[in-house]
Each structure stands twice: as structure tokens, then as C-alpha cells.
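A.B. asks: One structure follows; several queries about it will come next.
The values are calculated or read from the model by the stated rules, or taken from the named source; none is laboratory data. Remember, it's a predicted structure, so these values are computed and weren't measured experimentally. Cβ coordinates were reconstructed from backbone atoms using ideal geometry, including for glycine residues, and neighbour counts include every protein chain displayed. To get the accessible areas, we keep the full protein, side chains included, count just its heavy atoms, and leave off ligands, DNA and RNA. Shrake-Rupley method; radii C 1.70, N 1.55, O 1.52, S 1.80 Å.
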Amino acid sequence: MIDLYAWKSANGRRPIIMLEETATPYRLIAIDPHGGDNRKPEYLKISPGGKVPCLVDPDTAEGVPIHLMESSAILLYLAEKTGQFNGTTEAERWEVRQWLMYQATNVAISFSALNVTRDMEKQCRDLLAVLDSHLATRDYFAGAYSIADMMSIGRFGAFGFDFIDLNDYANLCRWRDRVLERPAVRKAMDMPIG
């Protein structure tokens, strides 16, 4: 069974969504990234950067446990392990990966910084405009529902910036509402952790 070390954050909810969507058995272990447990030697053995979330999968084809940190890496790993939510053709898989990486390297980082300083507000508004424009002609980021959508729903499903009105981005809100209707997403978003 997979062990998932997570916290009640957008980062922590992403792999929970994937595990729930794929009905993959897992054990959730709450670890507060601000409480110090993520810096204990036993945790650093499985997550060298002390990052949360972290996944440990003892059930691998090679018989060697997999230890992963970073929610985007965990999503990609689970997509490949289960064969789900990663596109079915080569072109679809690359579109999923493109949007997964865009979310991880632009959206997640910029909005995390916005939690600390409003210096990132213009960049975040620009990113919202890109996402909104992209979603004007599609239901999901990469065609069909995928790990690219799971990467961002934690951020936009519980949007918490009073100086940015997410309702100004109608297509993004339509996408958010559609994704939040999924039972696995709702369960992961509502799950108490810690």
C-alpha cells in the first residue's frame, strides 16, 4: 500500500485527488511542513528536501520502493502506474505533461509567493488570463480531465486572495466548478488532514 505524507494545502491535496480518482489504496500520514516533523532524520530519508507531500510506494515492478517528493512528480508517477489521466496517445500525453509543468513551474510557484508578498500580483493576474483564455475553448487543460487539472484544482478550488476576484475569469471558474463536481475531488478537498 502507498504511504502518502501530506498536509492540508493545495500541494497536499493534489496526490490525494489522484489516489481517490484511481481508487488506489493508500495510507494518509499527516505531516505539517511548518511543524518540524518534515526535518526529522527519518522523514529526510524518504524526502531529502523535507518536502511535503511525499509518496512511498513499496509495490513496484522492480521490487525497490519508490520515494517521491513534489506533487507534480507524484501525479505523473501515479498516472504512469495506473495508466489513467495521462492521455492515451503520444500527442495527448505531451499535452498533459506540458500543462502539468506549466501549472507546476508558473501557477503553483507564483501563487505560493503571492501568499507572502503582493509583488507577484501582476504576474498572477497574467497567469489567470492565460488559463482563462486557454479554457475558453475546452473543458479541461489538456482536452480530457487529467493530472494537469489535478495540479491546479487545489489552488483554485479554495482560492483565497481577497484582492483578486476569481469571478473575473469566467472560463477558469467554469472549469473549477466542473472539476469540483467530481466525487473524488470533493472528497480530497473536504478531507480533514492533521
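A.B. asks: Which number in (1) open to solvent by less than 60 Å² (accessible area, probe 1.4 Å); (2) closer than 17 Å to Ser146 by Cα; (3) in a loop (DSSP other than H, G, I, E, B) marks the one condition that Gln84 misses?
C.D. replies: (1)
A.B. asks: Would you be able to say whether some residue in segment 38-45 is among the hydroxyl-bearing types (Ser, Thr, Tyr), over 14 Å from the mean Cα position of the chain (by Cα), under 22 Å from Pro192 (Cα atoms) and part of a helix (DSSP H, G or I)?
C.D. replies: Yes, the conditions are met somewhere in segment 38-45.
A.B. asks: Still on this structure, please answer the following. Could you identify the single residue in Ala108, Ala79 that is in contact with a Phe, Trp or Tyr (Cβ under 7 Å, 6 or more places away or on another chain), within 30 Å of Ser133 (Cβ to Cβ) and not charged (D, E, K, R)?
C.D. replies: Ala79
A.B. asks: Something else: Just one of the numbered conditions (1) under 19 Å from the mean Cα position of the chain (by Cα); (2) open to solvent by 40 Å² or more (accessible area, probe 1.4 Å); (3) in contact (Cβ under 8 Å) with a residue 40 or more places away in the chain is not true of Ser72; which one?
C.D. replies: With respect to (1) under 19 Å from the mean Cα position of the chain (by Cα); (2) open to solvent by 40 Å² or more (accessible area, probe 1.4 Å); (3) in contact (Cβ under 8 Å) with a residue 40 or more places away in the chain, Ser72 is out only on (2).
A.B. asks: List pairs: first residue in segment 146-161 and farther than 13 Å from Ala108 by Cα and in contact (Cβ under 8 Å) with a residue 12 or more places away in the chain, second residue of a type in the set (Phe, Trp, Tyr) and not in a helix (DSSP H, G or I) anywhere in the structure, Cβ distance under 9 angstrom, at least six positions apart or on different chains.
C.D. replies: Hits for this filter: Ser146/Phe85; Ser146/Tyr140; Ile147/Phe85.
A.B. asks: Also, quick follow-up: Determine whether segment 182-189 contains at least one residue that is closer than 20 Å to Glu70 by Cβ and of a type in the set (D, E, K, R).
C.D. replies: No, there is no match, as no residue in segment 182-189 is closer than 20 Å to Glu70 by Cβ and of a type in the set (D, E, K, R).
A.B. asks: On the given criteria, is Pro48 open to solvent by 30 Å² or more (accessible area, probe 1.4 Å), in contact with an Asp or Glu (Cβ under 9 Å, 6 or more places away or on another chain) and more than 21 Å from Gly154 (Cα to Cα)?
C.D. replies: No; evaluated as a whole, the condition is false for this residue.
A.B. asks: Is at least one residue of segment 53-62 within 25 Å of Phe159 (Cβ to Cβ), at pLDDT 95 or above and surrounded by 15 or more Cβ atoms within 10 Å (Cβ to Cβ)?
C.D. replies: Yes, the conditions are met somewhere in segment 53-62.
A.B. asks: Could you list all residues from segment 94-133 that are within 14 Å of the chain's Cα centre (by Cα) and hydroxyl-bearing (Ser, Thr, Tyr)?
C.D. replies: Tyr102, Thr105, Ser112, listed by residue number.
A.B. asks: Pick out the one residue from Arg155, Arg178 that is among the charged types (D, E, K, R) and more than 23 Å from Ile31 (Cα to Cα).
C.D. replies: The unique qualifying residue is Arg178.
A.B. asks: Here are some conditions: (1) on the phi > 0 side of the Ramachandran plot; (2) modelled with pLDDT under 95. Gly83 meets all but one. Which one does it not meet?
C.D. replies: (2)
A.B. asks: So, one more: Any residue at all in segment 49-61 that's of a type in the set (S, T, N, Q) and either part of a helix (DSSP H, G or I) or touching a helix residue (DSSP H, G or I) at 6+ places or on another chain (Cβ under 6 Å) (or both)?
C.D. replies: No; the residues of segment 49-61 include none that is of a type in the set (S, T, N, Q) and either part of a helix (DSSP H, G or I) or touching a helix residue (DSSP H, G or I) at 6+ places or on another chain (Cβ under 6 Å) (or both).
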